[in-house]
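None of the figures in this text is laboratory data; all of them are computed from the coordinates on show. Given the structure is predicted, the values throughout are model-derived calculations rather than measurements. All Cβ positions, even for glycine, are placed from backbone atoms using ideal geometry, and neighbour counts span all protein chains on display.
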Amino acid sequence: MPRLQVPADVDAWFAEYGWSPGRNAAEQAAAFVAEAVEQSRKRGFPLEPVAAATAFLTEHAGLRVMHDVERDAYIDFTPVPGWGRLFEDMAELGRRLGVRLFPVGWDSTDGEVYVVDERNRFFCMHHTGDYYMGTGKHGAMTGLYAFPMRDAEDFYVV
């Protein structure tokens, strides 16, 4: 796993896999957003894009960031697979947080999904529970590898 303590560490890690400041992946981001919206609609839990998620995706869509090369483990900022109850679970988490959520990627290790809310807070939806990663890309990525992560329920309003 990368050692991420400050924003420069996150930027350097992402840069290894094709990111650069101001990277423009707007076309990929638009396709990603359209796919997530369509999949969620088909499953009966329609999503609406949130500005923080679309801004993040505009710079990061299409990146695959390795975090354990030996195990071929990575974070994929591509359309989130519509696993089982994903959109239903997102709707429930958003209701409890009192905000709209939108997916921005997923992790190959356990299939956890990363979502962003209207306040630019990132959450990890994992089979063991939902967790707060941090605010903004840098806070989220440094928080992802800080143990233990905070439970999302610490942020529930309902």
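A few notes on this one:
- Some residue of segment 110-126 being basic (Lys, Arg), out of contact with any Ser or Thr (no Cβ under 9 Å at 6 or more places or on another chain) and in contact (Cβ under 8 Å) with a residue 12 or more places away in the chain: no
- Residues that are in contact with a strand residue (DSSP E or B) (Cβ under 6 Å, 6 or more places away or on another chain) and not small (Gly, Ala, Ser), drawn from segment 131-150: TYR131, TYR132, MET133, THR135, LEU144, MET149, ARG150
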